[in-house]
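Notes follow the structure.
Read-outs: derived from the displayed coordinates by stated rules, not from any lab. Only a predicted model underlies this, so the values are computations on that prediction, with no experimental measurement involved. With ideal geometry, Cβ positions are generated from the backbone for all residues, glycine too; neighbour counts draw on all protein chains shown.
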Amino acid sequence: MSTPESACGVCKAHSLIDIVHEYEICRNQLWVLRHHPNPAPKAGWLLLDSVRHLGGPLDFQAEEASAWGIALQNASKLVKQLTHCSRVYSISFGEGARHLHLHLIPHYNSDSECKAWQVADLYRNISSGKEIPANPEDIESLVRQAKLLNFKLD
């Protein structure tokens, strides 16, 4: 059972002017790239969302399927450029919001606490208040830098 668009948190985030202004980096006809809203687990933790309300790649139309790889690669390159991380993790479950939103997570070789699936523990700990989230000023700075680059997903 999928979430109706009217109740979808991702659809709402795409239209709320404060969220669009504060976290959105860019959008085109198919995709929205935005920073994870506060409290964010890490500065540079981006979300690549489908514009259209859909559950995941199984629901792609032909145009979305052919554009997905380029958008994902370009968004991942941006995470690396902004954060100077060693890797970019890509995770999407679709349970919290049944609207495709791929988490693009900067990972550093020195960051042994968030290696592989431990990053999910970090996410849960930030959500529950057990750990300190990323500094909102760092997030604001990264989003501003990305916007100055006039970054494009396609």
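Relative intensity of region 25-108 on a log10 scale, I(q)/I(0) at q = 0.20, 0.25 Å⁻¹, equals -0.89, -1.31, per a Debye sum over C-alpha point scatterers of equal strength in the absence of solvent. Taking the chain as a Gaussian network of alpha-carbon nodes connected by springs under 10 Å, the highest mean-square fluctuation of the residues K12, K77, K130 belongs to K130. Could you list log10 I(q)/I(0) for region 84-154 at q = 0.11, 0.16, 0.26 Å⁻¹, which the Debye formula gives when each Cα is one point scatterer? Each listed q corresponds, in turn, to -0.35, -0.76, -1.35. Please give the Cα centre distance for region 49-82 versus region 91-126, rounded to the nearest Å. Measuring centre to centre over Cα atoms gives 17 Å. Listed as lacking a disulfide-compatible partner in the chain: C26, C85, C114, by the criterion of no other cysteine Cβ under 4.7 Å.
The GNM of the chain, with springs linking C-alpha atoms under 10 angstrom apart, assigns the highest mean-square fluctuation among I70, I139, I126 to I70.
Relative to the compact globular guide of 2.2 N^0.38 Å, what is the alpha carbon radius of gyration of region 5-148, as a ratio? Display every interim value, and only then the final one.
Numbers: Rg = 14.5 Å, N = 144, 2.2 N^0.38 = 14.5 Å.
Cα-based Rg divided by the globular estimate yields 1.00.
Taking H103, H36, H53 in turn, the Gaussian network model of the chain (Cα-Cα springs below 10 Å) assigns the largest fluctuation to H53.
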